[in-house]
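**Student:** Provided herewith is a single structure, encoded as structure tokens, for subsequent inquiry.
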Amino acid sequence: MISSSFRFDSHQFQSRMRSAFEPRKPRHRALRFVLGMIGLGLLALLVMFSVALGAAMLVGGLLFKAWRGRGKLDKRPDGRRVVDAEYRIVGKPVLTR
């Protein structure tokens, strides 16, 4: 086997790698415009998909929270609602200069 088969510094390898990862723009104006519009359309489609997915996740979370009934207040045996908490009165802060 030739020793240059596995060399990565050869001109042929470099040109193949460069052409694989750096595609050239087409020279024709109309083709360049069409490809630009396809790219913008794809970008808009992905943005709209992500917005719709985010909105669906928010709505689903709110529906799930409402279905589970989070935040219900405890009720006493006589049917009145009770909020159990401890309170303390905090004085006004005095600003000193």
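The values are calculated or read from the model by the stated rules, or taken from the named source; none is laboratory data. Predicted model only: the values in this text are computed from it and were never measured. FYI the Cβ positions are ideal-geometry reconstructions off the backbone, even for glycines, and counts take in every protein chain you see. Heavy atoms of the whole protein, side chains included, go into the accessibility calculation; ligands, DNA and RNA do not. Shrake-Rupley method; radii C 1.70, N 1.55, O 1.52, S 1.80 Å.
**Student:** Considering each of R76, R97 in turn, give the residue that is touching a strand residue (DSSP E or B) at 6+ places or on another chain (Cβ under 6 Å), open to solvent by 100 Å² or more (accessible area, probe 1.4 Å) and at pLDDT below 95.
**Tutor:** R76
**Student:** Another question about this same structure. Which one of A52, A44, A56 is open to solvent by less than 100 Å² (accessible area, probe 1.4 Å), under 30 Å from P26 (Cα atoms) and at pLDDT 90 or above?
**Tutor:** The match here is A44.
**Student:** Another question about this same structure. Identify all residues within region 43-72 that are in a helix (DSSP H, G or I) and more than 15 Å from the chain's Cα centre (by Cα); write none if there are none.
**Tutor:** Across region 43-72, the qualifying residues are V59, G60, G61, L62, L63, F64, K65, A66, W67, R68.
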